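A short write-up of the structure that comes next.
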Amino acid sequence: MKLLTANRLTDGLVLWYAGGSDLSGWTEDAANATRLEDEAAAALLEEWKARETEVVGVYVVPLVDENTLVKREYVREHVRANGPTIGQTALDTARQHQRGEVF
Amino acid sequence: MYQYDQFDHAMVAARNAEFKDQVARRLSGELSEDQFKPLRLMNGLYLQLHAYMLRIAVPYGVLSSRQMRTFAHIARTYDRDFGHFTTRQNIQFNWIKLADTPQILEELAAVEMHAIQTSGNCIRNTTTDQFAGAAKDELDDPRPWAELIRQWSTFHPEFTFLPRKFKIAITGATRDRAAIRVHDIGLQLTANGFDVYVGGGMGRTPHLGHLIKSGVPGEKLLSYLEAALRVYNRYGRRDNIYKARIKILVSALGPQEYARQVEEEWATLDQAQIDAPHAEIARIKSFFPQPNYADKAFDAAAIERAKAADPGFARWMRNNTLAHRRDDHVSVTISLKPTGMPPGDASSAQMDAMADAADAFGYGELRVSHEQNVILPHVAKADLYELYRQLDQNGLSSANVGKITDMIACPGLDYCSLANARAIPLAQDISNRFADEGLTDKIGDLQIKISGCINACGHHHVGHIGILGVDKQGEEFYQILLGGRADEKAALGVITGKGLSAEAVPAALERLVNLYLELRTDETERFIDTVGRLGREAFAGALHEPA
Ligand code: HEM
Ligand code: SF4
């Protein structure tokens with residue numbers, strides 16, 4: 001099972017693929033990311049890699065199951081999904097999305 | 001302070017117009033990311049884990065209050081209300097939008113600032129002593145020389161694509177506060193000109209610079225540097241990014257052979273063509289006058305009374321002020337290391353407050369230190385208590401300069417896409433662990449420096465205690481280095497003991513510090529001196545929990 005993630009070209013913010021065919025199908029909230037089968041993820045990766053005016057740095061995040069990151073990438077992907085872990089930043093991702101931490 | 005002339009203004013404006021056009025073409029799809037990435041990096045714009053990051057050059061750490069207010073404005077308007085002061089005396093904003101960047105660069109240009117050469121394999125911002133022009137132990141002011149180097153190195157056509165990035169540091173004081181021995185070139189101003197150290201650096205293979213020449217006269221500095229860079233540019237390893245820094249070349253050739261080749265190259269150069277004429281040096285020096293010192297009579301007894309009445313002020317006076325060349329002034333360090341906060345971060349309100357303090361009490365001048373603090377270089381003693389109270393109201397009165405909680409930490413895995421482990425949360429945990437001011441003062445001078453990976457942006461190789469984040473099969477671990485120092489007795493720390501988990505580090509440091517307190521001869525023997533006297537091995541055991 002996989003997630004597709006990228007940064008939005010215009011502002012650089014982290015996005016998660018959540019279905020659909022244009023940029024509005026991506027979400028800033030990792031909790032809403034679509035869990036993709038491997039082939040679907042591979043096909044979407046190729047498609048979105050080419051859509052450079054919308055997103056940059058597209059890649060696939062492997063999951064162990066729906067809500068568990070692969071251990072090797074755990075910290076990095078956790079930080080990307082939840083924002084910096086340092087308390088003070090104005091970004092309090094969880095609060096922004098009115099939810100707890102994901103993963 | 002440096003001043004842009006018409007050429008500087010025109011150059012920066014031309015570059016900004018060019019970049020504005022490049023951004024537009026990137027947004028429209030005319031430029032691909034592969035084409036655009038080197039262009040944005042040339043303008044200080046990185047893509048990090050969460051967003052774009054803009055790195056703005058603060059030339060040799062010197063800032064006016066007006067420039068500081070511009071940073072506050074950028075933080076407030078275009079970022080998430082804070083900025084991060086770095087070990088290269090620069091500032092980074094972590095949440096910048098690509099589409100806003102041309103406008104931000106325009107606003108920076110209006111206060112004579114830019115982000116050019118803050119990335120890439122060129123000569124980066126020259127760094128220096130944050131107390132330049134103010135410190136009592138200074139022989140000569142390094143700023144005019146740093147400015148001379150800036151003018152020479154900015155857009156230098158021959159040195160725009162070096163084998164790797166290139167960093168120069170200068171000090172003009174007997175105490176090295178600029179870490180010159182861990183720079184590609186370190187310059188020590190002496191009564192007889194410059195001592196030139198070459199081949200220092202950190203990263204995965206740290207080296208201390210070697211003295212290759214003494215007494216280069218100021219009027220010959222640029223041609224000598226040009227010769228030194230030419231040899232590097234010609235023979236530096238372009239085939240292997242890990243071997244491309246000058247430190248590798250100098251250690252492969254040997255410092256003597258490198259020095260010989262530089263000498264040979266120097267002799268072939270048309271020096272008169274390169275070196276600044278005497279009048280030009282005098283002109284640059286005239287940009288860095290001493291401030292128009294206010295003759296404010298100060299009442300030593302009144303300061304003593306304030307200290308007695310307000311212990312916070314007494315502690316701040318002891319830890320955050322440095323002797324000034326004038327007896328009626330001091331230099332003040334504003335610590336950006338309050339308990340539990342990310343080292344080097346300041347909010348827009350704090351940036352404004354620092355600018356206000358500089359205007360009210362510091363002749364409008366500020367500096368950024370490589371320790372990630374902000375300095376008011378000239379403050380009349382008569383104003384100190386008033387200044388302290390004003391800083392205190394803005395959360396800027398932490399009195400821990402040089403102490404265990406005055407840590408350096410790179411952005412680490414909270415922001416940086418190259419990181420192996422987080423650095424800031426660890427700094428926060430350590431800061432909370434040693435929050436007791438009495439204890440911190442008792443421990444005395446102790447520098448902890450933390451990097452989130454081997455690139456060493458957090459100077460871990462030269463921390464009295466260095467901490468290096470590593471990744472072990474998906475878990476963050478931290479290696480502890482002991483015995484490093486970045487001053488005039490520069491030394492590289494050595495990894496001591498096994499890697500520790502983040503949770504284990506603060507307690508391990510506490511055991512280490514307790515052992516030091518036990519072993520030191522008396523309170524005048526600093527941590528680094530005790531480690532030097534007894535050896536690192538004497539402390540290795542303390543890092544690990546007794547079985
Ligand atoms: C986008 C974030 C950053 C990236 C991609 C980055 C990248 C790097 C790399 C690759 C190196 C190793 C160079 C080498 O050994 O050849 C390095 C070294 C260094 N960086 Fe960074 N860095 C970043 C942020 C910072 C920050 C925030 C600071 C200041 C706090 C900083 C200051 C330094 C210093 C002092 C060194 C070591 C000195 C040297 O050997 O050049 N960097 N950086
Ligand atoms: S040391 Fe590593 S983690 Fe820290 S800022 Fe540099 S590249 Fe990033």
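The values are calculated or read from the model by the stated rules, or taken from the named source; none is laboratory data. In this text, all values refer to a predicted model and were calculated from it rather than measured experimentally. Methodologically, a virtual Cβ is constructed for each residue, glycine included, from the backbone with ideal geometry; neighbour enumeration extends over all protein chains shown. Note: areas computed on protein heavy atoms with side chains; ligands, DNA, RNA excluded. Shrake-Rupley method; radii C 1.70, N 1.55, O 1.52, S 1.80 Å.
With unit charges on the beta carbons (Lys and Arg positive, Asp and Glu negative) and the dipole taken about the Cα centre of region B:360-455, which residue among B:Cys416, B:Ile430, B:Val368 sits farthest to the positive side? My answer, from the dipole projection, is B:Cys416.
Accessible area per residue was computed with a 1.4 Å probe on protein heavy atoms; B:Met317 scores about 30 Å². With a threshold of 22 Å on the Cα-Cα distance, the over-threshold entries among B:Lys165/B:Lys247; B:Lys165/B:Lys489; A:Lys71/B:Lys472; B:Lys167/B:Lys213; A:Lys2/A:Lys71 are B:Lys165/B:Lys489.
For B:Thr77 and A:Arg95, a Förster radius of 22 Å and the Cβ-Cβ distance give a FRET efficiency of 0.50, rounded to the nearest 0.05.
Working note: Cα gyration tensor of region B:314-421, eigenvalues times five, square-rooted, sorted largest first, giving semi-axes of 26, 14, 12 Å. Here is the P(r) of region B:204-243: all C-alpha pair distances, binned every 5 Å from 0, give 6, 17, 19, 24, 18, 10, 6, 1 in whole percents.
Its convex hull of Cα atoms gives chain A a direction-averaged projected area, equal to a quarter of the hull surface, of 6.4 nm².
Taking chain B, the Cys residues with no second Cys beta-carbon under 4.7 angstrom are B:Cys122, B:Cys416, B:Cys453. Using the 1.4 Å probe convention, the accessible area of the protein assembly as shown works out to 38 Å² per residue with neighbouring protein chains retained. Taking every Cα-Cα distance in region B:155-283 and sorting them into 10 Å bins from zero, the calculated P(r) comes out as 13, 44, 35, 8, 0 percent. Annotation: for a label point projected 7 angstrom from Cα along Cα→Cβ of A:Val60, residues of region A:1-17 with backbone N closer than 13 Å are A:1-5. Of the residues B:Thr154, A:Thr5, ranked by 1.4 Å probe accessible area with the largest first, the sequence reads B:Thr154, A:Thr5. Between B:Arg533 and B:Gln290, the C-beta separation translates, for a Förster distance of 41 Å, into a calculated FRET efficiency of about 0.50.
The residues B:Arg76, A:Arg72, sorted by heavy-atom accessible surface at 1.4 Å with ligands and nucleic acids left out, run A:Arg72, B:Arg76 from largest to smallest. In terms of its Cα atoms, chain B spans 59, 57, 54 Å along the principal axes, sorted from long to short.
The apolar share of the surface of chain B, taken as the fraction of accessible area on carbon and sulfur atoms (1.4 Å probe, ligands and nucleic acids excluded), comes to 51 percent. Per-residue packing, averaged as other Cβ atoms within 10 Å, sorts the ranges A:19-28, B:433-442 into the order B:433-442, A:19-28, beginning with the highest.
Binning all Cα-Cα separations of region B:224-277 at 10 Å, short to long from zero, yields these whole-percent fractions: 25, 48, 22, 5. B:Tyr385 sits with roughly 60 Å² accessible to a 1.4 Å probe, with DNA, RNA and ligands left out of the calculation. On average over all directions, what projected area in square nanometres does the protein assembly as shown have, based on the convex hull of its Cα atoms? Projected over every direction and averaged, the Cα hull of the protein assembly as shown covers 29.9 nm². For region B:126-184, the Stokes-Einstein estimate of translational diffusion at 25 °C and a viscosity of 0.890 mPa s comes to 199 µm²/s, using the Kirkwood hydrodynamic radius over alpha-carbon pairs. Can you work out the FRET efficiency for the pair B:Met1 and B:Glu525, with r the C-beta to C-beta distance and R0 = 41 Å, to the nearest 0.05? Efficiency at R0 = 41 Å is approximately 0.55.
For region B:323-383 versus region A:1-29, the inter-centroid distance based on Cα atoms is 42 Å.
With a simple spin-label model that places each label point 7 Å from the Cα along the Cα-to-Cβ direction, the separation between A:Met1 and A:Val70 comes to 1.5 nm. Partner shielding of B:75-83 amounts to 1, given as the average count of beta-carbon atoms from other chains within 10 Å of each residue beta-carbon. About its Cα centre, the dipole of region B:322-420 is roughly 280 debye, where the only charges are +1 on Lys and Arg Cβ and -1 on Asp and Glu Cβ.
Separation of region B:268-286 and region B:22-74 by C-alpha centroid, Å? Taking the Cα centre of region B:22-74 as reference, the centre of region B:268-286 is 32 Å away. Label sites at B:Ala24 and B:Glu386, each approximated as a point 7 angstrom past Cα along Cα to Cβ, lie 5.0 nm apart. If you average the C-alpha positions of region B:240-266 and of region B:187-210 separately, how far apart do those two centres end up, in angstrom? Cα centres, region B:240-266 to region B:187-210: 13 Å.
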